[in-house]
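Undergrad: Provided herewith is a single structure, encoded as structure tokens, for subsequent inquiry.
Every number in this text was worked out from the coordinates using simple rules, so none of it is lab data. The model shown is predicted, which means the values in this text are computed figures rather than measured ones. As a convention, Cβ positions derive from the backbone with ideal geometry for all residues, glycine included, and neighbour counts pool all protein chains shown.
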Amino acid sequence: MDEHSAHSKHGGSLKWATAKHALRCLIGCNIGEGTGAALGYVFGWDMLQTIAVAVTLAFIIGYLFTMIPMLKSMSLKQAAKVTVIGDTASIAAMETIENGLAFIIPGFMHSGPTESLFWLGLGIILPAGYAVAYPAMYWAMKREQKKMA
């Protein structure tokens, strides 16, 4: 039994499980995104190269943040399958909204951590990312739960 279905079978709420998984996904994805942005800055990459690496790392680290706890109760192959099925829509939604907002907030893409615009922008894009990741994660978890029933 995977971690997603275990919550509902042991009295946990699917909404609470979704909130926890979406938050873990948000943290993992944004660690990946931040790492990609830092690499782009350090190596002097252009914006498209930086975004490509940042989004790739967001998916990889987001998947790892979900999959690693599952390894306590399932095989690597099973955990990878559940993670990809459950997190792909959530990560894609999160990355789309966060990057879209980052482009439309004037000056955000060129601000750095010593500037207030950077922190204001993060204060906008991170909750927005979570807000779109949650329903995508809920849909995926509910779908998997129905399959397991």
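Undergrad: Can you grab the distance from the C-alpha centre of the range 36-111 to the C-alpha centre of the range 115-142, Å, no decimals?
TA: Each part reduced to its Cα centre gives a spacing of 12 Å.
Undergrad: Volume per residue, Å³, of the convex hull around the alpha-carbon atoms of the chain? Display every interim value, and only then the final one.
TA: Numbers: hull volume 15.9 nm³, N = 149.
Per residue, the Cα convex hull of the chain comes to 107 Å³.
Undergrad: Only Lys, Arg, Asp and Glu count, each charged at its Cβ (+1, +1, -1, -1), so figure out the dipole size of the chain about its Cα centre, rounded to 20 debye. Don't jump to the answer; show the numbers that get you there.
TA: Working: 11 positive and 9 negative charges, 179 e Å.
That gives a dipole near 860 debye.
Undergrad: Also, I was wondering about something else. Going highest first, how would you order 36-44, 65-73 by mean Cβ packing within 10 Å?
TA: Details: 36-44: 14.1, 65-73: 16.2.
Result, highest mean Cβ count within 10 Å first: 65-73, 36-44.
Undergrad: Counting only helical runs of four or more DSSP H residues, what would the 222 nm mean residue ellipticity of the chain come to if each run contributes -39,500 (n - 2.57) and the total is spread over all its residues? Mind showing how you got there, number by number?
TA: Working: 5 runs with 123 residues, N = 149.
Estimated from H runs of four or more residues: -29000 deg cm²/dmol.
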